Amino acid sequence: MAPTHHSINYVELTVTDLAAAKAFYQGAFGWAFNDYGPSYAGIRGEGNTEVGGLFEASEARPVGGPFVLLFSEDLDATAAAITSAGGQVVQGPYEFPGGRRLHFTDPSGNELGAWTEL
């Protein structure tokens, strides 16, 4: 499938430990990766297309950038998977118009969210 003009195409997360980040995202969400050397891994989506990447650096990006949200069919199970894989739920789950949502941090301190429909 060809990219759509002006659509979001790729999300890159800066992580402080690439191996730990890959283990977390694989364990919590089942993500798979394309390795591109010691400091970068592409995130594989459906059909093995890349939808993002993990870039290793000495520190994560500062707070205040765009907020990445993942969709979940079972938010409580997602919260348990996040914790089990070494992340931390830092807010929620809570209800908002249209569903429920939570915020979590990965082992590098990146904050993301997950949401589900009511």
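The values are calculated or read from the model by the stated rules, or taken from the named source; none is laboratory data. Predicted model only: the values in this text are computed from it and were never measured. All Cβ positions, glycine included, derive from the backbone under ideal geometry; neighbour counts span all protein chains shown.
Among (1) assigned to a helix (DSSP H, G or I); (2) touching a Gly at 6+ places or on another chain (Cβ under 9 Å), which single condition is Ala21 missing?
So the condition that Ala21 fails would be (2).
So in the range 76-106, with the set limited to residues that are farther than 15 Å from Phe29 by Cβ and small (Gly, Ala, Ser), which one is surrounded by the most Cβ atoms within 10 Å (Cβ to Cβ)?
Applying the filter and picking the extreme gives Gly92.
Residues are listed down the side, and each one gets a yes or a no for (1) of a type in the set (D, E, K, R); (2) part of a loop (DSSP other than H, G, I, E, B):
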position: Tyr25; (1), (2): no, no
position: Ala28; (1), (2): no, no
position: Asn34; (1), (2): no, no
position: Pro66; (1), (2): no, yes
position: Glu73; (1), (2): yes, yes
position: Thr78; (1), (2): no, no
position: Arg101; (1), (2): yes, no
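Could you list, in sequence order, all residues of the range 52-79 that are over 15 Å from the mean Cα position of the chain (by Cα) and at pLDDT 85 or above?
Ala57, Ser58, Glu59, Glu73, Asp74, Asp76, Ala77, listed by residue number.
If you take the residues of the range 37-66 that are touching a strand residue (DSSP E or B) at 6+ places or on another chain (Cβ under 7 Å) and small (Gly, Ala, Ser), which of them is surrounded by the most Cβ atoms within 10 Å (Cβ to Cβ)?
Of everything passing the filter in the range 37-66, Ala41 is surrounded by the most Cβ atoms within 10 Å (Cβ to Cβ).
Give the residues of the range 87-99 that are assigned to a strand (DSSP E or B) and either small (Gly, Ala, Ser) or touching a residue at least 60 places away in the same chain (Cβ under 8 Å) (or both), sorted by residue number. Let's see the steps before the verdict.
Within the range 87-99, the subset assigned to a strand (DSSP E or B) is 88-96, 99.
Correct list: Gly92, Gly99.
Suppose we keep only residues that are closer than 20 Å to Gly113 by Cβ and out of contact with any helix residue (DSSP H, G or I) (no Cβ under 8 Å at 6 or more places or on another chain) within the range 23-36. Which one would you say is surrounded by the most Cβ atoms within 10 Å (Cβ to Cβ)? Can you show your working first?
Of the range 23-36, the ones closer than 20 Å to Gly113 by Cβ are 24-31.
Narrowing the set further to residues that are out of contact with any helix residue (DSSP H, G or I) (no Cβ under 8 Å at 6 or more places or on another chain) leaves 24-26, 30.
On the way: Phe24: 22, Tyr25: 24, Gln26: 13, Gly30: 8.
Ranking the candidates gives Tyr25 first.
Being touching a residue at least 60 places away in the same chain (Cβ under 8 Å), of a type in the set (A, V, I, L, M, F, W, C) and closer than 20 Å to Phe67 by Cα is the filter here; which residues of the range 1-48 pass it? Spell out the reasoning first.
Pass one, the range 1-48, residues touching a residue at least 60 places away in the same chain (Cβ under 8 Å): 13-17, 20-21, 23-25.
With of a type in the set (A, V, I, L, M, F, W, C) added as a condition, the list becomes 13, 15, 20-21, 23-24.
Matches in the range 1-48: Leu13, Val15, Ala21, Phe24.
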